Amino acid sequence: MQIPNSDKSYQIRQFRESDLDTVIKINRACLPENYPSFFFLSIFYKYPKSFLVAVHNDNTICGYCMWRVEKGLSNFALRWTKKGHLVSIAVLEAYRRQGIGEALLLKGMQSMKEDYGASEFILEVRISNSSAIALYEKHGFQKIKTLSGYYRDGENAYLMAKRI
């Protein structure tokens with residue numbers, strides 16, 4: 001799994017507690033689904049290696065992703081499995097189309113597999129978010145089912161999953 005970053009205009013690193021206010025601002029600027037600070041910190045405390053930020057060369061934290069582990073029935077077989085769940089990913093608009101979201105996704109997947117033993121990945125995505133869906137499909141995610149009214153505003157989501 002190669003992480004894109006050929007121009008070295010950004011670095012991916014683990015989240016630090018001092019990044020919290022910036023990550024919350026990115027979340028609020030980019031996504032209609034917002035979380036309280038304790039939610040971000042609870043994921044960080046349990047899964048610190050897969051809570052990542054992208055830092056642009058101008059020293060701006062411009063994106064983040066956070067993952068957690070969930071145990072449940074596999075989306076691909078009749079067995080219990082450990083799933084790496086992409087809880088949230090966002091990149092500030094001014095920094096999009098530079099491979100940052102893709103790098104965050106891939107680095108998070110790598111961490112979920114290597115650090116936390118996930119055997120598949122899952123995520124939810126708005127059915128209207130065609131660019132995100134295309135990115136996930138590019139990296140092997142499949143639409144598993146539609147989740148009706150999943151988002152607070154009533155929009156449906158796709159549950160997408162990928163075998164490792």
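With a ≥ b ≥ c the root eigenvalues of the C-alpha gyration tensor of the stretch 13-70, is it rounded (a/c under 1.5), prolate (a/b larger than b/c) or oblate?
Cα axes put the stretch 13-70 in the oblate bin.
Roughly how far apart, in whole Å, are the Cα centres of the stretch 43-75 and the stretch 101-164?
13 Å
Which of (1) 17.4, 56; (2) 18.0, 59; (3) 15.1, 48 is the computed Rg and Dmax of the Cα atoms in Å for the structure on display?
The listed entry that was calculated here is (3).
Looking at this model, which pairs from LYS49/LYS138; LYS8/LYS83; LYS107/LYS145; LYS8/LYS71 are more than 29 angstrom apart at the alpha-carbon?
Pairs exceeding 29 Å: LYS8/LYS83; LYS8/LYS71.
Over the chain, what relative contact order in percent results from Cα pairs under 8 Å that are six or more residues apart?
Across the chain, relative contact order equals 20 percent.
May I ask you to evaluate 6.51 cos²θ - 1.76 cosθ + 1.60, the Karplus curve with θ = phi - 60°, for each residue of the stretch 63-76 and list the ³J(HN,Hα) values in order in whole Hz, giving x for glycine and proline?
Computed from phi, the couplings for the stretch 63-76 are x, 7, 8, 9, 10, 9, 9, 10, 9, x, 5, 4, 7, 10 Hz.
If you take every DSSP beta bridge whose two residues both sit in the chain, what share of them, in percent to the nearest 5, is antiparallel?
Close to 90 percent.
Any read-out appearing in this document is the output of simple, stated calculations on the displayed coordinates, not a laboratory observation. Small disclaimer: the values here were computed from a predicted structure and weren't measured.
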